[in-house]
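Please read the structure below before turning to the comments.
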Amino acid sequence: MADKEHSDMKEKIETIAYSPGLQDTADLETGTHTIVPTTRPVIGSAQHSASLTLPKPGDARLAVKRIASRLNVNIAGLGTATHVYLSVRVDADDTDHELFAEDWTSAGAKLDAVDTHSANKAALFNLLKDGAAHTFYFLFWADAASQATIDVVQLWEGVGSCSTNGNQLGCLQLTHSGYISDMELFVTQGTGTTTLRRQHDNYNYFTTDSSVYSRRSISNLLINNLDYNIAGTVATDLNYINNIIINLRSEQ
């Protein structure tokens, strides 16, 4: 077959827009709660619960590869207790659906963050990326009944990472051969800064500067598929893509 002459080729321009945002339970504890159980409650007796929905991309060429969650709990006092435990489970009451498993031995603010992806908490990752609503159950217990108290319970989730390693698996993957231009808003929920890195062919990097809240763009980048990697400077932060717009150019 003869090659197409330049005059026979047509340029095709398309746009993909995705706005996963930051999903936030807000503070679920409006007062002060005393932890009564000394064994883990079932989800039907969860002290707190909240439903969150993380949108999925509307175009199959853009795939979510990593979802991160950040937890914030404040232990107001321990009393005679020496341990406060927390299990955060999503939709079902089993370890495959356990997002956080905590064992705290002091009062004060407690922060934690976790990534879910194909190699870590895969069952939860597959659940959270489906675009449907999911219920997060917060199951507290302590080693002494009616002693420990909590006054803040909050969780965030987003398409992103809590990792401080920018060379990890990307949080978004674009399947496209040709030129692209893009613009994205990436944000840190926490105290550090985040860096967004575009990875092409597993070795070429196009990095945006670190920021807490930043909108960055790139123009006329020739790719054969692309990963958007995100990482931060504090392991308990949630670094996430708030929204992204990609213009794709190809020839037919």
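What follows is calculated from the coordinates using simple rules that are stated; it is not laboratory data. Keep in mind the model is a prediction, meaning the values are calculated, not measured. Cβ: placed from backbone, ideal geometry, glycine included. Neighbour counts: every protein chain shown.
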Putting +1 on Lys and Arg Cβ atoms and -1 on Asp and Glu Cβ atoms, find which of T193, P55, S250 reaches farthest to the positive end of the dipole of the chain. S250
What shape does region 13-251 have by the C-alpha gyration tensor, where a ≥ b ≥ c are the square roots of the eigenvalues, rounded means a/c under 1.5, and otherwise prolate means a/b greater than b/c and oblate the rest? prolate
Based only on other Cβ atoms within 10 Å, what is the fewest-to-most ordering of D143, D130? D130, D143
Report the label-to-label distance for N126 and S49 in nanometres (one decimal), using points 7 Å from each Cα along the Cα→Cβ vector. 2.4 nm
Any idea which of H83, Q154, P41 is furthest toward the positive side of the dipole for region 13-251, if Lys and Arg beta-carbons carry +1 and Asp and Glu beta-carbons -1? Q154
So, with points 7 Å from each Cα along the Cβ direction, the S177-T105 label distance in nm works out to 5.7 nm
Global form of region 55-95, assessed from the alpha-carbon gyration tensor, a/c cut-off 1.5: prolate
Under 19 Å from the Cα of K10 - aspartates and glutamates, other chains or at least 8 residues apart: E251
Can you grab the distance from the C-alpha centre of region 84-102 to the C-alpha centre of region 117-186, Å, no decimals? 14 Å
Using a simple charge model, +1 on the beta-carbon of Lys and Arg, -1 on the beta-carbon of Asp and Glu, nothing else, what dipole does region 23-67 show about its Cα centre, in debye to the nearest 20? 360 debye
Relative to the Cα centre, what is the charge dipole magnitude of the chain, using +1 at the beta carbon of each Lys and Arg, -1 at the beta carbon of each Asp and Glu, and rounding to the nearest 20 debye? 320 debye
